Amino acid sequence: MRIIERVTEMQQQAESWRREGRRIALVPTMGYLHEGHLTLMREARNHGDEIVVSIFVNPTQFGPGEDFERYPRDMARDELLAGEVGVTVVFAPSVREMYPDGYQTFVEVMEVTRPLCGRSRPVHFRGVTTVVAKLFNIVKPDAAVFGEKDFQQLTVIRRMVDDLNMDVQIIGHPIVREEDGLAMSSRNAYLTGSQRGAALSLSRALGEAERMVHGGERRGAVILDAVRSQLGSEGELRIDYAELRDPDTLENVTEIRGPTLLALAAFVGQTRLIDNRVLPG
Ligand code: AMP
């Protein structure tokens, strides 16, 4: 496995693979890898001959006062884990390499970035689409794998790829969870023991909502009430949003008529966690 830190070196490697007819699959990450990331890398092996994992904590997707500086980092461990799952190249550029002096270009997707995380984190998706567009130009992937953990992000990226005619196949992968249901996240490292207990109510609330739909409940307001009271019973947890949305357009849903996204975000202490489930129609 090779570590590449320079944009031009990555582009040359990608170009030479492409000339040889090798398919490239990319998994973009911010590092501090966990089993969720590793599962995406294994999935990537089904879509490419050469697997590139980018590790880059992207400053443009963090707002003022968010956790950019303290976001967990452990490059040595990440390299080891990526090597073990058969990654060919870890692309780990510096911030300066990606955003040199004079940088001033951004990619912005409109409607689907407005609700949910876009409302709480106004600059977030602009940073995500910008860095992902840059990574596509640098790594030239045939396919790129993203987790449904960040469901809105996946929707936004599909939109960008369609709208800008980017020639890359976007693969979504289901959420990978701990045995007790907590969605894996690098930010789980921030949680104390009792906060981790409180965080579990996110996946519990999703399960409860699914049971209600299986039991015939179709009224969005009734489902969201149950979800909010489940989350509200945790003293250490503050709801950011709990919403029902169309999984394709992210438009608001008031009555369950088909597969419906239940998307949750909450602060547990200072840590903002997200989780979601597509409820059956
Ligand atoms: P991050 O490093 O948090 O930016 O995540 C990098 C990629 O891994 C994104 O496509 C995430 O959606 C995905 N990811 C993170 N956590 C999980 C998880 N628990 N299950 C599936 N995918 C995940």
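Some notes on this structure:
- In the set (1) assigned to a loop (DSSP other than H, G, I, E, B); (2) of a type outside the set (S, T, N, Q); (3) under 23 Å from residue 53 (Cβ atoms); (4) open to solvent by less than 20 Å² (accessible area, probe 1.4 Å), the condition left unmet by residue 107 is number (4).
- Whichever residue in segment 30-60 is open to solvent by 20 Å² or more (accessible area, probe 1.4 Å) and closer than 18 Å to residue 149 by Cα and, among such residues, is farthest from the ligand (Cβ to nearest atom): 42
- Condition broken by residue 191, with the remaining ones in (1) open to solvent by 50 Å² or more (accessible area, probe 1.4 Å); (2) of a type outside the set (Asp, Glu); (3) over 17 Å from the mean Cα position of the chain (by Cα) satisfied: (1)
This table checks each residue for (1) more than 9 Å from the ligand (Cβ to nearest atom); (2) assigned by TED's automatic domain parsing to the domain that holds residue 40; (3) on the phi > 0 side of the Ramachandran plot.
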site: 159; (1), (2), (3): yes, yes, no
site: 165; (1), (2), (3): yes, yes, yes
site: 168; (1), (2), (3): yes, yes, no
site: 180; (1), (2), (3): yes, no, no
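- In segment 64-95, the residues that are in contact with a helix residue (DSSP H, G or I) (Cβ under 7 Å, 6 or more places away or on another chain) and assigned to a loop (DSSP other than H, G, I, E, B): 68, 72, 85, 87, 92, 93
- Residues of segment 212-230 that are loosely packed, with under 12 Cβ neighbours inside 10 Å and closer than 18 Å to residue 276 by Cβ: 214 alone.
- If you check 74, 101 for being surrounded by fewer than 17 Cβ atoms within 10 Å (Cβ to Cβ) and without any contact (Cβ under 8 Å) to a residue 24 or more places away in the chain, only one passes: 101.
- Enumeration of residues in segment 173-186 that are surrounded by fewer than 18 Cβ atoms within 10 Å (Cβ to Cβ) and outside any loop (DSSP other than H, G, I, E, B): 177
- Residue check for residue 107: more than 19 Å from residue 186 (Cα to Cα), in contact (Cβ under 8 Å) with a residue 12 or more places away in the chain and in contact with a helix residue (DSSP H, G or I) (Cβ under 6 Å, 6 or more places away or on another chain): yes
- Options 205, 199: the member that is over 21 Å from residue 255 (Cα atoms), aliphatic (A, V, I, L, M) and at pLDDT 95 or above: 199
- Which numbered condition residue 91 misses (of (1) closer than 30 Å to residue 262 by Cβ; (2) open to solvent by less than 30 Å² (accessible area, probe 1.4 Å)): (1)
The values are calculated or read from the model by the stated rules, or taken from the named source; none is laboratory data. It should be emphasised that the depicted structure is a prediction, and the values quoted were computed from it without experimental measurement. Cβ sites come from the backbone with ideal geometry, for glycine too, and all protein chains shown count toward neighbours. Accessible surface areas use protein heavy atoms only, side chains included; no ligands, DNA or RNA. Shrake-Rupley method; radii C 1.70, N 1.55, O 1.52, S 1.80 Å.
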